[in-house]
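Engineer: Have a look at this one.
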Amino acid sequence: MKKLNLVLCALLISGCSWFGGDEEGEIKPAELVKFEQQVKIKKQWSAKVGGGNKKFWASLRPAANRDSVFVADHEGKVSAIDLATGKRRWSTELDAPLSGGVGYAAGQIMVGSIEGDVYALNAADGSLSWTAKVSSEILASPQGNGDVIAVQTIDNKLFVFEAGSGEPLWQHEDDAPLLTVRGTSLALVTDRMILAGFDSGKLVAFNPENGSLIWESRLALPKGRTDLERMVDIDGEPLLVDDVIYAVTYQGRLGAMSRGTGRSLWFQDSSSHSAPAYSSGQVYVSEADSSVRAFRSGSGQVIWSNDQLFLRRVTGPATLGGYIAVADAEGYLHLLDTEDGHFVARTKVDGSGVSAPMLSVGDSLIIQSNSGSLSAFKIQ
């Protein structure tokens, strides 16, 4: 039977409405609480980088190297923005409905389209290096290591190409559940391993050269009677810190695993479709209900939980100036203290809201809003 995809939204998760609803008896997103600002968030620059984020398409995320931020819009425009000034370095029009990007590795930019086309561009000038075709739409950024590029597709497949030429090397197809959240995990690509998370709740590590299996680990097992209850998709990128991999599923668990063997170190119940973040010996997760939680990285012990952003559709966590940052669907950027999770600062990014994952680069936080603006923020 053909796999069905659900658009991920608060209505699906909890039977609740989004911002602006007025139906009697609905559960509304949390109102913002007032607090005393402890630090000040300063906007360094802002640039218009193309058309706005299409509804439910939060997969076009920025990428960066040491001096540029690379960004794309859904109409096919790919741009390089100076990291220090926000000035445009170059733009390339691909004339394709982009839905997965941006990935960066070894001087190369990678994006994918809703029609299953992969594009590799030269990061120096935006010139097109090669194109390739995969089986279905690409909702995650292609990832690479300079030698290979890994692309995950919405039909639960992983395709690997030679980075210089785009020549297909190998592919893997995982078991596809009947019902999944509309989203795809980013592959984690290192020199010795490609780690991919699938809709089945499995993490699989491959040899980049030939696709041979290194290890496989089940992060979460489906539970419940209905297909809706049994969804355990991995939609956030696995996080590698030293020799430990952290990953989280929807309606499943947050887990820590050994990079070399996939051996489980600890698990905690969690439900998220965003990648976890790490700072100060702690792992941070934006839960599906938009609460933010901190776990001790060595044991998985829950340190704190902040539920004051309930159903505000927050992004995955990112780091900024020693704090944890999330942005929400109304366009607010929130900073949380790492020790106990209380708010330390807040600012409005863009009234259109923020859906795409944020990017920490040095002491700056890069945010792409739903209206198509790109901004850099810093602690003043």
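Engineer: State yes or no: is residue 254 under 20 Å from residue 317 (Cα atoms), at pLDDT 95 or above, surrounded by 14 or more Cβ atoms within 10 Å (Cβ to Cβ) and in contact with a strand residue (DSSP E or B) (Cβ under 8 Å, 6 or more places away or on another chain)?
Structural biologist: Values: under 20 Å from residue 317 (Cα atoms): yes; at pLDDT 95 or above: yes; surrounded by 14 or more Cβ atoms within 10 Å (Cβ to Cβ): yes; in contact with a strand residue (DSSP E or B) (Cβ under 8 Å, 6 or more places away or on another chain): yes.
For residue 254, the condition - under 20 Å from residue 317 (Cα atoms), at pLDDT 95 or above, surrounded by 14 or more Cβ atoms within 10 Å (Cβ to Cβ) and in contact with a strand residue (DSSP E or B) (Cβ under 8 Å, 6 or more places away or on another chain) - is met.
Engineer: Go through (1) of a type in the set (A, V, I, L, M, F, W, C); (2) surrounded by fewer than 23 Cβ atoms within 10 Å (Cβ to Cβ); (3) farther than 24 Å from residue 46 by Cβ for residue 248 and report which single condition fails.
Structural biologist: (2) is the only condition that residue 248 fails.
Engineer: Would you be able to tell me the number of residues in the stretch 304-319 that are in contact with an Asp or Glu (Cβ under 8 Å, 6 or more places away or on another chain) and either under 19 Å from residue 238 (Cβ atoms) or not in a loop (DSSP other than H, G, I, E, B) (or both)? Before you say what the answer is, go through the steps one by one.
Structural biologist: Residues of the stretch 304-319 in contact with an Asp or Glu (Cβ under 8 Å, 6 or more places away or on another chain): 304, 307, 309-315.
Still in the running and either under 19 Å from residue 238 (Cβ atoms) or not in a loop (DSSP other than H, G, I, E, B) (or both): 304, 315.
Adding up the residues that qualify gives 2.
Engineer: Are any of the residues in the stretch 236-249 under 30 Å from residue 353 (Cα atoms), of a type in the set (Gly, Ala, Ser) and under 14 Å from the mean Cα position of the chain (by Cα)?
Structural biologist: Yes, that holds for at least one residue.
Engineer: Within the stretch 205-219, track down each residue that is in a loop (DSSP other than H, G, I, E, B) and farther than 15 Å from residue 234 by Cβ. Spell out how you get there, then give the answer.
Structural biologist: The first filter runs over the stretch 205-219 and keeps only residues in a loop (DSSP other than H, G, I, E, B), leaving 207-212, 219.
Answer for the stretch 205-219, where residues must be in a loop (DSSP other than H, G, I, E, B) and farther than 15 Å from residue 234 by Cβ: 207, 208, 209, 210, 211, 212.
Engineer: Right, another one. If I filter the stretch 154-174 for residues that are in contact (Cβ under 8 Å) with a residue 60 or more places away in the chain, closer than 20 Å to residue 227 by Cβ and either charged (D, E, K, R) or surrounded by fewer than 17 Cβ atoms within 10 Å (Cβ to Cβ) (or both), do I get at least one hit? So that I can check it myself, show each step before the final result.
Structural biologist: Initial filter on the stretch 154-174 (in contact (Cβ under 8 Å) with a residue 60 or more places away in the chain): 154-156.
Checking the rest, the ones that are also closer than 20 Å to residue 227 by Cβ come to 154-156.
Filter once more, so that each one left must be either charged (D, E, K, R) or surrounded by fewer than 17 Cβ atoms within 10 Å (Cβ to Cβ) (or both): 155.
Yes; the residues of the stretch 154-174 include at least one that is in contact (Cβ under 8 Å) with a residue 60 or more places away in the chain, closer than 20 Å to residue 227 by Cβ and either charged (D, E, K, R) or surrounded by fewer than 17 Cβ atoms within 10 Å (Cβ to Cβ) (or both).
Engineer: So in the stretch 214-245, with the set limited to residues that are modelled with pLDDT of 95 or more and farther than 22 Å from residue 158 by Cα, which one is surrounded by the most Cβ atoms within 10 Å (Cβ to Cβ)?
Structural biologist: 244
Engineer: Now for a different question. Counting only residues that are in a loop (DSSP other than H, G, I, E, B) and crowded, with 23+ Cβ neighbours inside 10 Å, how many does the stretch 188-199 have?
Structural biologist: Within the stretch 188-199, the first condition is being in a loop (DSSP other than H, G, I, E, B), and the residues that meet it are 190-193, 198-199.
Within this subset, residues satisfying the condition of being crowded, with 23+ Cβ neighbours inside 10 Å are 198-199.
Residues in the stretch 188-199 being in a loop (DSSP other than H, G, I, E, B) and crowded, with 23+ Cβ neighbours inside 10 Å: 2 in total.
Engineer: So, one more: For the stretch 95-184, list the strands (runs of 3 or more DSSP E) that sit wholly inside it and hold at least 2 residues that are of a type outside the set (Lys, Arg) and modelled with pLDDT of 95 or more; which are they? Let's see the steps before the verdict.
Structural biologist: Values: elements: 98-105, 108-113, 117-122, 128-133, 148-153, 157-162, 168-173, 179-181.
Of the strands (runs of 3 or more DSSP E) lying wholly inside the stretch 95-184, those with at least 2 residues that are of a type outside the set (Lys, Arg) and modelled with pLDDT of 95 or more span 98-105, 108-113, 117-122, 128-133, 148-153, 157-162, 168-173.
Engineer: For the stretch 210-234, which positions are free of Cβ contacts under 8 Å to residues at least 40 places away in the same chain and of a type in the set (Lys, Arg)?
Structural biologist: 218, 223, 225
For (1) touching a Gly at 6+ places or on another chain (Cβ under 7 Å); (2) among the hydroxyl-bearing types (Ser, Thr, Tyr), each residue gets a yes or a no:
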position: 290; (1), (2): no, yes
position: 301; (1), (2): no, no
position: 318; (1), (2): no, no
position: 322; (1), (2): no, no
position: 341; (1), (2): no, no
position: 351; (1), (2): yes, no
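Engineer: Would you mind finding the one in 136, 141 that is touching a residue at least 24 places away in the same chain (Cβ under 8 Å) and hydroxyl-bearing (Ser, Thr, Tyr)?
Structural biologist: Details: 136 fails: touching a residue at least 24 places away in the same chain (Cβ under 8 Å).
Within the list 136, 141, the selection yields 141.
Engineer: Then there is this: In the stretch 33-85, how many are within 22 Å of the chain's Cα centre (by Cα), among the hydrophobic types (A, V, I, L, M, F, W, C), in a strand (DSSP E or B) and at pLDDT 95 or above?
Structural biologist: Of the residues in the stretch 33-85, 10 are within 22 Å of the chain's Cα centre (by Cα), among the hydrophobic types (A, V, I, L, M, F, W, C), in a strand (DSSP E or B) and at pLDDT 95 or above.
Engineer: Say we look at the stretch 321-352 and pick out the residues that are without any contact (Cβ under 8 Å) to a residue 60 or more places away in the chain and in a strand (DSSP E or B); which of these is surrounded by the fewest Cβ atoms within 10 Å (Cβ to Cβ)?
Structural biologist: Per the stated criteria, the residue is 348.
The values are calculated or read from the model by the stated rules, or taken from the named source; none is laboratory data. Quick caveat: nothing in here was measured; it's all calculated off a predicted structure. Using ideal geometry, Cβ is built from the backbone for each residue, glycine included, and neighbour counts are taken over all protein chains shown.
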